[in-house]
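Worksheet for the structure shown next.
The values are calculated or read from the model by the stated rules, or taken from the named source; none is laboratory data. Predicted model, so just to flag it, every value in this text is computed and none were measured. Cβ sites come from the backbone with ideal geometry, for glycine too, and all protein chains shown count toward neighbours.
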Amino acid sequence: MSIRAHKRSLTLAITAALVAPFAMVAAVTVDTVTAAPAAAHGSVTDPPTRNYGCLERWGTDHLNPEMATIDPMCWGAWQHDPNAMWNWNGLYRENVGGNHEGVIPDGQLCSGGRTQSPRYDYMDTPGEWVAKDVPQQFHLTLTDQARHGADYLRIYVSKPGFDPTTEALGWDDVDLVKETGSYPSQGTYETDVDLSGYSGRAVLYTIWQASHLDQPYYLCSDINIGGAADAETAVETVATTAVTAGRLGRFAA
Ligand SMILES: [Cu+2]
(Lines give C-alpha, C1' and ligand atoms only; values in the text may rest on other atoms or scores of the structure.)
Protein backbone atom coordinates (compact mmCIF):
# COMPACT_ATOMS: atom_id res chain seq x y z
CA MET A 1 0.00 0.00 0.00
CA SER A 2 1.41 3.37 -0.92
CA ILE A 3 1.88 5.96 1.79
CA ARG A 4 -0.86 8.05 0.30
CA ALA A 5 -3.35 5.16 0.28
CA HIS A 6 -2.40 4.27 3.83
CA LYS A 7 -2.95 7.82 5.01
CA ARG A 8 -6.31 7.82 3.34
CA SER A 9 -7.53 4.63 5.05
CA LEU A 10 -6.33 5.99 8.38
CA THR A 11 -8.33 9.17 7.79
CA LEU A 12 -11.42 7.10 6.99
CA ALA A 13 -11.01 5.07 10.17
CA ILE A 14 -10.77 8.23 12.27
CA THR A 15 -13.81 9.69 10.54
CA ALA A 16 -15.80 6.51 11.22
CA ALA A 17 -14.86 6.63 14.90
CA LEU A 18 -15.98 10.24 15.20
CA VAL A 19 -19.25 9.59 13.41
CA ALA A 20 -20.09 6.46 15.46
CA PRO A 21 -21.89 8.17 18.39
CA PHE A 22 -24.14 10.02 15.96
CA ALA A 23 -24.75 6.91 13.91
CA MET A 24 -26.19 5.42 17.09
CA VAL A 25 -28.68 8.28 17.30
CA ALA A 26 -29.54 7.75 13.65
CA ALA A 27 -30.11 4.04 14.32
CA VAL A 28 -32.52 4.87 17.14
CA THR A 29 -34.29 7.29 14.82
CA VAL A 30 -34.79 4.63 12.16
CA ASP A 31 -36.69 2.51 14.71
CA THR A 32 -39.57 4.91 14.60
CA VAL A 33 -42.25 5.10 12.00
CA THR A 34 -41.96 8.83 11.45
CA ALA A 35 -38.21 8.80 10.88
CA ALA A 36 -36.88 11.17 8.26
CA PRO A 37 -33.30 11.21 7.06
CA ALA A 38 -31.30 13.56 9.22
CA ALA A 39 -28.98 15.64 7.07
CA ALA A 40 -25.62 16.42 8.59
CA HIS A 41 -25.66 19.85 10.18
CA GLY A 42 -25.56 20.91 13.83
CA SER A 43 -26.96 22.83 16.77
CA VAL A 44 -26.28 23.97 20.30
CA THR A 45 -26.50 20.80 22.36
CA ASP A 46 -25.56 22.29 25.76
CA PRO A 47 -27.55 24.05 27.00
CA PRO A 48 -29.88 22.18 24.66
CA THR A 49 -31.99 24.01 22.13
CA ARG A 50 -35.75 23.66 22.35
CA ASN A 51 -35.97 20.92 19.74
CA TYR A 52 -32.76 19.15 20.76
CA GLY A 53 -33.98 19.08 24.38
CA CYS A 54 -37.26 17.54 23.25
CA LEU A 55 -35.30 14.90 21.33
CA GLU A 56 -33.01 14.17 24.30
CA ARG A 57 -35.87 13.77 26.74
CA TRP A 58 -38.45 12.06 24.50
CA GLY A 59 -36.80 10.73 21.38
CA THR A 60 -37.30 7.11 22.38
CA ASP A 61 -40.75 7.70 23.88
CA HIS A 62 -42.32 10.50 21.88
CA LEU A 63 -45.80 8.97 21.76
CA ASN A 64 -46.08 8.77 25.56
CA PRO A 65 -49.17 10.86 26.51
CA GLU A 66 -47.60 11.63 29.90
CA MET A 67 -45.42 14.10 28.04
CA ALA A 68 -48.44 16.40 27.76
CA THR A 69 -48.37 17.00 31.51
CA ILE A 70 -44.68 16.45 32.33
CA ASP A 71 -43.26 18.47 29.45
CA PRO A 72 -46.14 20.20 27.64
CA MET A 73 -44.08 22.31 25.22
CA CYS A 74 -42.27 19.24 23.97
CA TRP A 75 -45.61 17.52 23.59
CA GLY A 76 -46.79 20.43 21.49
CA ALA A 77 -43.61 20.38 19.44
CA TRP A 78 -43.90 16.65 18.70
CA GLN A 79 -47.57 17.10 17.78
CA HIS A 80 -46.71 20.01 15.50
CA ASP A 81 -43.96 18.24 13.55
CA PRO A 82 -41.73 15.37 14.73
CA ASN A 83 -39.23 16.30 12.05
CA ALA A 84 -38.26 19.35 14.10
CA MET A 85 -36.77 16.84 16.55
CA TRP A 86 -35.43 14.24 14.12
CA ASN A 87 -33.82 17.12 12.23
CA TRP A 88 -32.66 18.85 15.42
CA ASN A 89 -29.58 19.98 13.49
CA GLY A 90 -31.32 21.59 10.52
CA LEU A 91 -32.61 24.92 11.83
CA TYR A 92 -30.80 27.21 9.41
CA ARG A 93 -31.33 29.66 6.58
CA GLU A 94 -29.09 30.42 3.63
CA ASN A 95 -27.82 33.59 1.98
CA VAL A 96 -28.71 35.97 4.78
CA GLY A 97 -25.59 38.07 4.16
CA GLY A 98 -25.12 38.70 7.87
CA ASN A 99 -28.35 40.71 8.00
CA HIS A 100 -29.92 38.56 10.70
CA GLU A 101 -32.03 41.32 12.22
CA GLY A 102 -33.37 42.30 8.82
CA VAL A 103 -34.25 38.78 7.73
CA ILE A 104 -35.63 37.28 10.96
CA PRO A 105 -38.86 39.02 12.08
CA ASP A 106 -39.57 39.79 15.74
CA GLY A 107 -41.38 36.91 17.37
CA GLN A 108 -39.75 34.39 15.01
CA LEU A 109 -36.20 34.26 16.35
CA CYS A 110 -36.48 30.68 17.62
CA SER A 111 -37.68 29.32 14.26
CA GLY A 112 -35.13 31.24 12.23
CA GLY A 113 -37.93 33.28 10.66
CA ARG A 114 -40.06 30.14 10.20
CA THR A 115 -37.42 28.50 8.10
CA GLN A 116 -38.66 25.41 6.27
CA SER A 117 -42.13 26.28 7.51
CA PRO A 118 -44.00 24.68 9.13
CA ARG A 119 -41.29 22.34 10.46
CA TYR A 120 -39.78 24.57 13.15
CA ASP A 121 -42.62 27.07 13.64
CA TYR A 122 -43.54 25.71 17.06
CA MET A 123 -40.15 26.74 18.46
CA ASP A 124 -41.49 30.31 18.65
CA THR A 125 -44.43 29.33 20.85
CA PRO A 126 -44.33 30.88 24.34
CA GLY A 127 -44.81 28.44 27.20
CA GLU A 128 -43.26 26.31 29.90
CA TRP A 129 -40.27 25.04 27.96
CA VAL A 130 -38.06 23.01 30.26
CA ALA A 131 -35.10 25.20 31.19
CA LYS A 132 -31.64 23.93 32.09
CA ASP A 133 -30.15 25.24 35.34
CA VAL A 134 -26.88 27.02 34.61
CA PRO A 135 -24.54 29.14 36.75
CA GLN A 136 -23.85 32.71 35.62
CA GLN A 137 -20.63 31.53 33.98
CA PHE A 138 -20.92 28.36 31.98
CA HIS A 139 -19.68 26.54 28.92
CA LEU A 140 -21.69 26.40 25.70
CA THR A 141 -21.25 23.49 23.30
CA LEU A 142 -22.36 23.47 19.69
CA THR A 143 -22.24 20.05 18.02
CA ASP A 144 -21.47 20.14 14.30
CA GLN A 145 -21.95 16.75 12.64
CA ALA A 146 -21.05 18.24 9.27
CA ARG A 147 -17.86 19.98 10.41
CA HIS A 148 -18.81 23.14 8.56
CA GLY A 149 -16.54 25.38 10.61
CA ALA A 150 -17.77 28.65 12.11
CA ASP A 151 -17.14 32.24 11.07
CA TYR A 152 -18.51 33.15 14.51
CA LEU A 153 -20.95 32.26 17.23
CA ARG A 154 -23.02 35.25 18.28
CA ILE A 155 -24.64 34.75 21.66
CA TYR A 156 -27.52 36.76 23.10
CA VAL A 157 -29.52 36.42 26.30
CA SER A 158 -33.04 37.66 26.92
CA LYS A 159 -33.28 40.85 28.96
CA PRO A 160 -34.28 40.82 32.62
CA GLY A 161 -38.05 40.82 32.79
CA PHE A 162 -38.57 38.97 29.53
CA ASP A 163 -40.94 36.08 30.17
CA PRO A 164 -40.57 33.23 27.66
CA THR A 165 -43.69 31.56 29.04
CA THR A 166 -45.86 34.40 27.71
CA GLU A 167 -43.83 36.13 24.96
CA ALA A 168 -42.19 35.06 21.71
CA LEU A 169 -38.63 36.31 21.44
CA GLY A 170 -37.96 39.53 19.48
CA TRP A 171 -34.77 41.45 18.77
CA ASP A 172 -35.63 44.12 21.35
CA ASP A 173 -35.89 41.36 23.98
CA VAL A 174 -32.25 40.28 23.76
CA ASP A 175 -28.83 41.60 24.79
CA LEU A 176 -25.73 40.61 22.82
CA VAL A 177 -23.28 39.06 25.29
CA LYS A 178 -20.59 37.57 23.09
CA GLU A 179 -19.31 37.14 19.57
CA THR A 180 -16.57 34.57 19.16
CA GLY A 181 -13.84 34.43 16.55
CA SER A 182 -13.80 31.76 13.87
CA TYR A 183 -13.43 28.02 14.43
CA PRO A 184 -11.82 25.55 12.05
CA SER A 185 -13.89 22.55 10.94
CA GLN A 186 -14.34 20.25 13.91
CA GLY A 187 -17.02 18.27 15.70
CA THR A 188 -17.81 20.77 18.44
CA TYR A 189 -17.39 24.48 19.00
CA GLU A 190 -17.19 25.47 22.64
CA THR A 191 -17.07 28.82 24.35
CA ASP A 192 -17.46 30.29 27.81
CA VAL A 193 -20.51 32.42 28.40
CA ASP A 194 -20.63 35.05 31.17
CA LEU A 195 -24.13 36.10 32.20
CA SER A 196 -23.12 38.14 35.26
CA GLY A 197 -25.97 40.47 36.13
CA TYR A 198 -28.63 38.12 34.82
CA SER A 199 -30.64 35.63 36.83
CA GLY A 200 -33.60 33.30 36.58
CA ARG A 201 -35.55 32.12 33.60
CA ALA A 202 -34.15 33.30 30.27
CA VAL A 203 -33.61 32.35 26.66
CA LEU A 204 -30.09 32.00 25.32
CA TYR A 205 -30.02 32.81 21.62
CA THR A 206 -27.10 31.62 19.51
CA ILE A 207 -26.41 32.43 15.88
CA TRP A 208 -23.90 30.05 14.33
CA GLN A 209 -22.56 31.43 11.09
CA ALA A 210 -21.25 28.32 9.34
CA SER A 211 -18.17 28.71 7.16
CA HIS A 212 -18.70 26.32 4.25
CA LEU A 213 -21.28 28.68 2.74
CA ASP A 214 -23.59 31.45 3.95
CA GLN A 215 -25.65 29.18 6.21
CA PRO A 216 -26.52 30.73 9.60
CA TYR A 217 -28.30 28.72 12.30
CA TYR A 218 -30.74 30.32 14.79
CA LEU A 219 -30.85 28.50 18.10
CA CYS A 220 -32.91 29.07 21.25
CA SER A 221 -31.93 27.36 24.51
CA ASP A 222 -34.04 27.74 27.63
CA ILE A 223 -31.97 28.36 30.74
CA ASN A 224 -32.49 29.11 34.40
CA ILE A 225 -29.54 31.31 35.38
CA GLY A 226 -28.29 30.67 38.88
CA GLY A 227 -30.12 27.38 39.23
CA ALA A 228 -33.55 26.55 40.54
CA ALA A 229 -34.99 29.87 41.67
CA ASP A 230 -38.37 28.69 42.88
CA ALA A 231 -40.23 25.57 43.87
CA GLU A 232 -42.05 25.20 40.57
CA THR A 233 -38.83 25.21 38.59
CA ALA A 234 -37.25 22.77 41.02
CA VAL A 235 -40.10 20.33 40.48
CA GLU A 236 -39.72 20.74 36.74
CA THR A 237 -36.00 20.01 37.01
CA VAL A 238 -36.59 16.87 39.06
CA ALA A 239 -39.13 15.62 36.53
CA THR A 240 -36.71 16.30 33.69
CA THR A 241 -33.84 14.57 35.42
CA ALA A 242 -35.96 11.52 36.12
CA VAL A 243 -37.16 11.30 32.56
CA THR A 244 -33.69 11.80 31.15
CA ALA A 245 -32.02 9.32 33.48
CA GLY A 246 -34.74 6.70 33.22
CA ARG A 247 -35.44 6.61 29.54
CA LEU A 248 -32.94 8.49 27.51
CA GLY A 249 -29.47 7.77 28.72
CA ARG A 250 -28.58 6.61 25.24
CA PHE A 251 -28.99 10.11 23.84
CA ALA A 252 -26.50 11.63 26.25
CA ALA A 253 -23.70 13.20 24.27
CU1 LIG B 1 -25.15 22.07 7.22
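I'd like the residue in the stretch 111-150 that is polar (S, T, N, Q) and free of Cβ contacts under 8 Å to residues at least 40 places away in the same chain and, out of all such residues, is surrounded by the fewest Cβ atoms within 10 Å (Cβ to Cβ). First the steps, then the outcome.
Initially, the stretch 111-150 is screened for residues polar (S, T, N, Q), giving 111, 115-117, 125, 136-137, 141, 143, 145.
Filter once more, keeping what is free of Cβ contacts under 8 Å to residues at least 40 places away in the same chain: 116-117.
Values: Gln116: 17, Ser117: 12.
Looking at the filtered set, the residue picked out is Ser117.
Apart from one condition, Ile104 fits all of (1) under 17 Å from the mean Cα position of the chain (by Cα); (2) touching a residue at least 12 places away in the same chain (Cβ under 8 Å); (3) away from the ligand (no atom under 16 Å from the Cβ); the exception is (1). Within the stretch 61-101, the set of residues being without any contact (Cβ under 8 Å) to a residue 60 or more places away in the chain, within 19 Å of Ser211 (Cα to Cα) and touching a strand residue (DSSP E or B) at 6+ places or on another chain (Cβ under 7 Å) comprises Asn89 only.
With respect to the conditions (1) surrounded by fewer than 21 Cβ atoms within 10 Å (Cβ to Cβ); (2) within 16 Å of the ligand (Cβ to nearest atom), Tyr217 lacks only one, and its number is (1).
Condition first: on the phi > 0 side of the Ramachandran plot and within 16 Å of the ligand (Cβ to nearest atom). Now tell me which residues in the stretch 107-151 satisfy that.
Residues of the stretch 107-151 that are on the phi > 0 side of the Ramachandran plot, as a first pass: 107, 112-114, 116, 127, 147, 149.
Scanning the stretch 107-151 gives Gly112, Gln116, Arg147, Gly149.
Is one or more of the residues making up the stretch 30-53 modelled with pLDDT of 95 or more, more than 16 Å from the ligand (Cβ to nearest atom) and among the polar types (S, T, N, Q)? No, because not a single residue in the stretch 30-53 is modelled with pLDDT of 95 or more, more than 16 Å from the ligand (Cβ to nearest atom) and among the polar types (S, T, N, Q).
Across the stretch 158-170, a minimum of one residue is classified as assigned to a strand (DSSP E or B), more than 18 Å from Tyr189 (Cβ to Cβ) and either of a type in the set (Asp, Glu) or touching a helix residue (DSSP H, G or I) at 6+ places or on another chain (Cβ under 9 Å) (or both). As a summary of the residue check, Trp171 satisfies the conditions (1) under 14 Å from Ile223 (Cα atoms); (2) of a type in the set (A, V, I, L, M, F, W, C); (3) more than 16 Å from the chain's Cα centre (by Cα) except for the one numbered (1). Selection over the stretch 189-213 of residues that are surrounded by 15 or more Cβ atoms within 10 Å (Cβ to Cβ) and within 16 Å of the ligand (Cβ to nearest atom) gives a count of 7.
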